[in-house]
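Comments concern the structure below.
Read-outs throughout are calculated quantities, based only on the coordinates presented, and are distinct from any laboratory measurement. Predicted, not measured: the structure shown is a model, and the values here were computed from it. A quick note on method: Cβ atoms are made from the backbone with ideal geometry, for glycine too, and the neighbour counts reach across all protein chains shown.
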């Protein structure tokens, strides 16, 4: 298996570092949270400095056609950086939070919880993308959003294709349960993990899934296959692929995990 890709016979997902992944669904090419800037420190107003530790494994010029960006949120550099913002200018559609839809220009559309858009497939038919709940930290949604802002996840469905879930920067298993009730079981779950933590913020609890909770999320979803992203390349990610493999192995679910 190559260092920048995971694949199976139904859905190939190429993972480039951090939260950035590319997959084709219904003939459309989807990119998650584009981050291509060089390693270094990235100040965030009102928040600790974010430190990127490794470059993306691809140059954005080599991505080829992108039809849709699925953007968890636009307010943090580890989900959308300067190079990612430049890329958005050449993408026909960016789906993101309601607030982000207002900030990112006419090619961006914000999705509220359970709001859907229908996208035409090149071969006929449509792909439905539904915005689903995500909470960027532990605790009540309103309290978390007051500190870290809105985030959104996505579910992709089409008449003859398996269901795909892209979690975004979500830490809430209650949100995952709501999604599973409406869409489960899912075939492929692209789970943002890495257990990012900041001293003094939420008592040091992860603001996105840790490895143990990623296992639990996959069980709740009934996911046949899990592709982890958002678990490398930044210093505030406190768990990586080794911890994910250990957690899925301990739960007897190692065969579901497709980690580069």
**Request:** Mind giving me the nanometre distance, one decimal, between the label points for residue 117 and residue 254, set 7 Å out from Cα along Cα→Cβ?
**Result:** 4.1 nm
**Item:** Cα centroid separation, the range 113-130 to the range 49-72 (Å)
**Value:** 23 Å
**Asked** Can you tell which of 200, 184, 102 shows the greatest fluctuation in a Gaussian network model of the chain with Cα springs below 10 Å?
**Response** 200
**Request:** Report the extension gain between residue 246 and residue 24 in nm, rounded to one decimal, defined as 0.36 nm multiplied by the number of residues separating them, less their alpha carbon distance.
**Result:** 77.0 nm
**For 58, 220, order by how many other beta-carbon atoms lie within 10 Å, fewest first** = 58, 220
**Prompt:** Roughly how many nanometres apart are two label points built 7 Å out from the Cα toward the Cβ at residue 147 and residue 89?
**Reply:** 3.6 nm
**Message:** Let me understand the range 183-260 better: what is its radius of gyration from the alpha carbons, and its Dmax, in angstrom?
**Reply:** 12.3, 37
**Message:** Using helices alone, I'd like the mean residue ellipticity at 222 nm for the chain: each DSSP H run of four-plus residues gives -39500 (n - 2.57), total over residue count, nearest 500.
**Reply:** -5500 deg cm²/dmol
